[in-house]
C-alpha cells in the first residue's frame, strides 16, 4: 500500500495507491486505517486518533483559563 500526502501552498491531497482519498468508499478507508493501526501497533497513534475524534465530534462541556499558566483548558465529551 502506498499513501502519499501532499500539503502546502494551494496543494492539499491524500492518495492511497494512487486514488484520491475523497473517492474511496467508507469501508476501504476503514480498512486502510485498520491496516495502519495493526502495522504500527503504536499507542501514541491511537491516542492521537481518539483525541482527534473526541475534539472534532464531541460536545464542548467546559472551558476555563488556568490561573497558574494562563492556558485555556477545555473539556469535550463524546458518548456513543
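Just so you know, all these numbers are worked out from the coordinates, no wet-lab data involved. Please read these numbers as outputs of a predicted model, since none were measured by experiment. Heads up, the Cβs are rebuilt from the backbone with ideal geometry, glycines too, and the neighbour counts pull from every protein chain shown.
Hey, with R₀ at 22 Å, roughly what FRET efficiency would residue 41 and residue 79 work out to, going by the Cβ-Cβ distance, to 0.05? Could you put the intermediate results ahead of the total?
Values: r = 28 Å, r/R0 = 1.26.
It comes to 0.20.
Grab the DSSP H runs of the chain that are 4 residues or longer, score each as -39,500 (n - 2.57), total them, divide by all residues and round the 222 nm result to the nearest 500 deg cm²/dmol.
Calculated mean residue ellipticity at 222 nm is -12500 deg cm²/dmol.
Once both axes come from the Cα atoms, what is the angle between helix 43-57 and the longest principal axis of the chain, in degrees from 0 to 90, rounded to 10?
Compared with the principal axis, the helix lies near 70 degrees.
Which value in Å is the Kirkwood Rh of segment 1-41 over different Cα pairs?
Numbers: mean 1/r = 0.0904 Å⁻¹.
Taking the inverse mean of 1/r over all distinct Cα pairs, segment 1-41 comes out at 11.1 Å.
Suppose each label sits 7 Å from its Cα in the direction of the beta carbon; what would the residue 6-residue 50 distance come out to in nanometres?
Calculated label separation equals 3.6 nm.
How big is the Kirkwood radius of the chain, worked out from every pair of different alpha carbons and given in Å to one decimal? Each step should come with its number before you reach the end.
Details: mean 1/r = 0.0640 Å⁻¹.
Taking the inverse mean of 1/r over all distinct Cα pairs, the chain comes out at 15.6 Å.
As I understand it, the value is the acute angle between the Cα axis of helix 26-40 and the longest principal axis of the Cα atoms of the chain; what does it come to in degrees, rounded to 10?
Result, in degrees: 80.
Using 0.36 nm times the number of residues separating residue 64 and residue 26, minus their current alpha carbon distance, what extension gain do you get? Don't jump to the answer; show the numbers that get you there.
Working: separation 38, 0.36 × 38 = 13.68 nm, distance 3.71 nm.
In short, 10.0 nm is gained.
Given an 8 Å cut-off on Cα distances and at least 6 residues of separation, report the relative contact order of the chain as a percent.
Details: 67 pairs, mean separation 12.5, N = 80.
Computed value for the chain: 16 percent relative contact order.
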